[in-house]
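The values are calculated or read from the model by the stated rules, or taken from the named source; none is laboratory data. These figures come from a predicted structure and were not determined experimentally. Backbone-built Cβ (ideal geometry, glycine too); neighbour counts: all protein chains shown.
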Amino acid sequence: MTRHASQNHSATALPAGTPAPEFSLHSTPDQTVKLSEFRGQPVVLAFYPADWSPVCGDQMALYNEMLSEFQNLGAELLGISVDGSWCHAAFSRDRKLHFPLLADFEPKGAVARLYGVYRHGEGTSERALFVIDAEGVIHWSYVSPVGVNPGAEGILSALEELQDKVEVK
Amino acid sequence: MSGLASKSQLTLPNAKRDHIQGPIDAPVALLEYGDYECPYCGEAYPMIKAMQGHLGDRMCFAFRNFPLVNSHPHAQHAAEAAEAAGAQGRFWEMHDLLFENQDALEDENLAQYAEALGLDARRLMGEVLAGAHTARVREDFRSGARGGVNGTPTLFINGVRYEGPLDEEARLETLIDPD
């Protein structure tokens, strides 16, 4: 996948100002998580292509270390990929992740499609970040080249903007 | 964040707070965000040494902590041990010992290294176990996350992130020309 093609994909990602589409996905084999459960606080949705692939591992490991920073800014972090919940469970245990990984598994990639970040040729999602505000509206979105760990800088800036907005009110 | 407010302060060595080797106004400023238990940082360590040998006073090197503690269970104490050695004036000696002994970073090893360096090992381990340097390590980590660090090692050369490979063929010193 070339960078150019990846940019074409990213043009379809839902932009800031769009209401975040509701979803309900498995976080474990017997539990589900709904986006609307988090209304009233910001949510960071981190789409990544696959459990176990090296860059994703680093990205999720970084966010794992950043959790307290996200929580200080009042936000909940949710990872999402098309892997099934048993795969997520093994990956999460191996990497000692302390945040939920959601399984966009059946129908495959349905939530990634709703957010405009499904990669049809590959059958995975883009490496895409969405920061959703307390009212459930997308405040910031970003699609990274699929092989590049986007880091946490953009998420932190977006969450700080949200906090400033709340303080102004 | 104290002392690390602006973007450039996140990616350039800062003589006021960082551990640095070489003159702060050297033409080449190398800033590493690293983790003592990270094997890739261990691979970068001799390359940075070689670069320092090659450039001498034309290079300033600074090290900031970026421990990924869920992946590397010994990384936090190792980072704090280096900071505690720094409190006794021997940061770089401990930094080097840790990278040269990445497979032996248990607390008892840290105490041995402190003794080997002639430090007050009881004080050093007391500080590590009491978390005396936890906030400092966290400040390093936060500054990295702010500055675009997404894994280790991340290197900034004169404030610009170095994205190339770290291997013998791509020796860092060939990438820069301080003259």
So which residues in segment A:49-71 are out of contact with any Leu (no Cβ under 9 Å at 6 or more places or on another chain) and either β-branched (Val, Ile, Thr) or more than 10 Å from every other protein chain (Cβ to nearest Cβ) (or both), if there are any at all?
A:PRO49, A:ALA50, A:TRP52, A:SER53, A:VAL55, A:CYS56
Of all residues in segment B:121-135, count the ones that are surrounded by 15 or more Cβ atoms within 10 Å (Cβ to Cβ) and of a type in the set (D, E, K, R).
1
With respect to B:GLY42, determine if the residue is surrounded by fewer than 21 Cβ atoms within 10 Å (Cβ to Cβ) and over 12 Å from the mean Cα position of the chain (by Cα).
no
Exclusive hit being within 14 Å of chain A (Cβ to nearest Cβ) and at pLDDT 95 or above, set B:ALA75, B:ALA132, B:ALA111:
B:ALA75
Within segment A:102-140, residues within 14 Å of another protein chain (Cβ to nearest Cβ) and in contact with a Leu (Cβ under 9 Å, 6 or more places away or on another chain) come out as A:LEU129
